[in-house]
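Please read the structure below before turning to the comments.
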Amino acid sequence: MAPKTNSKVKLIETAIDLVRMSSYTDVGVNEICEKAGVTKGAFYHHFKSKATLYAEAAAYKMKNEEMVLQSLLAERHESIKKLDNMIGYIYYKGFQSTETAAQKVSGCPFFTAGAINSQGDDIIREASKEYVGNEVHYWQTVIDDLAQSNVIELPKDSLQLARMVYQYANGVLTYSRIFDDEKTMRTDLETGIYRFLNIKKV
């Protein structure tokens, strides 16, 4: 018999799912509790506020994604394969089936929530900065590996290039979410990132 998911994890996973398909500001504590099947008393036992839940959800998601990214970018892969894996990972993040909506394209909840609330709650801003910074770091790893393998020229500032690629990728996710267009997201992610890095697609 599989172990039951505890109420804290249920709240975190439900919040991630709801915010991904809506927005941080539109999702309330009542809705999260109802979808998770958890009481408000249990919610406030685990979290002081919705912002605190958001911060823990970002850390939870980042920890789970670390294992995926480390596998996708393992040394056994050639540099161009690592790039393709990273593009596929961004596509997967933007296109996930959920129980909350019929919408196909969702985007990254932590990127959008951080942007919307950048001048608001410090807890949200700092959690988003850490999450985004971690993803930019992985893009920098991919770019440095491409340069070391002579697939691309050594950039003057690989961190800046990583930020630009990350910003572009999330722009594609946002655009594709507006039109709910998974096909455009898939093609524009790959084509645009290859052009950004000045790599000809074979």
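Quickly run through the range 33-70 and pick out the residues that are crowded, with 16+ Cβ neighbours inside 10 Å and more than 20 Å from the chain's Cα centre (by Cα).
CYS33, LYS35, ALA36, VAL38, ALA42, PHE43, HIS46, PHE47
Identify all residues within the range 141-165 that are part of a helix (DSSP H, G or I) and of a type in the set (Asp, Glu); write none if there are none.
Within the range 141-165, ASP144, ASP145 qualify.
Looking at (1) farther than 20 Å from LYS81 by Cβ; (2) in contact with a Phe, Trp or Tyr (Cβ under 8 Å, 6 or more places away or on another chain), which is the only condition LEU161 fails?
The failed condition is (1).
Considering only the range 42-62, I want to know if a residue exists there that is of a type in the set (A, V, I, L, M, F, W, C) and either at positive phi or outside any helix (DSSP H, G or I) (or both).
Checked against the condition, which is being of a type in the set (A, V, I, L, M, F, W, C) and either at positive phi or outside any helix (DSSP H, G or I) (or both), the range 42-62 yields at least one hit.
Got a number for residues in the range 102-116 being modelled with pLDDT under 60 and either touching a Lys or Arg at 6+ places or on another chain (Cβ under 9 Å) or on the phi > 0 side of the Ramachandran plot (or both)?
So the answer is 1.
Check ALA59, ALA42 and return the single one that is touching a residue at least 24 places away in the same chain (Cβ under 8 Å) and in contact with a Cys (Cβ under 9 Å, 6 or more places away or on another chain).
Step by step, each of ALA59, ALA42 is checked, and only ALA42 is touching a residue at least 24 places away in the same chain (Cβ under 8 Å) and in contact with a Cys (Cβ under 9 Å, 6 or more places away or on another chain).
Tally time: how many residues in the range 7-21 are acidic (Asp, Glu) and surrounded by 21 or more Cβ atoms within 10 Å (Cβ to Cβ)?
Qualifying residue count for the region: 1.
Which numbered condition trips up ILE193, out of (1) under 13 Å from TRP139 (Cβ atoms); (2) surrounded by fewer than 16 Cβ atoms within 10 Å (Cβ to Cβ)?
Just one mismatch for ILE193, condition (2).
Given the residues VAL27, VAL38, VAL19, which is the only one that is out of contact with any Gly (no Cβ under 8 Å at 6 or more places or on another chain), in a loop (DSSP other than H, G, I, E, B) and closer than 21 Å to ASP121 by Cβ?
VAL27
The values are calculated or read from the model by the stated rules, or taken from the named source; none is laboratory data. Source: prediction; values computed, not measured. Backbone-built Cβ (ideal geometry, glycine too); neighbour counts: all protein chains shown.
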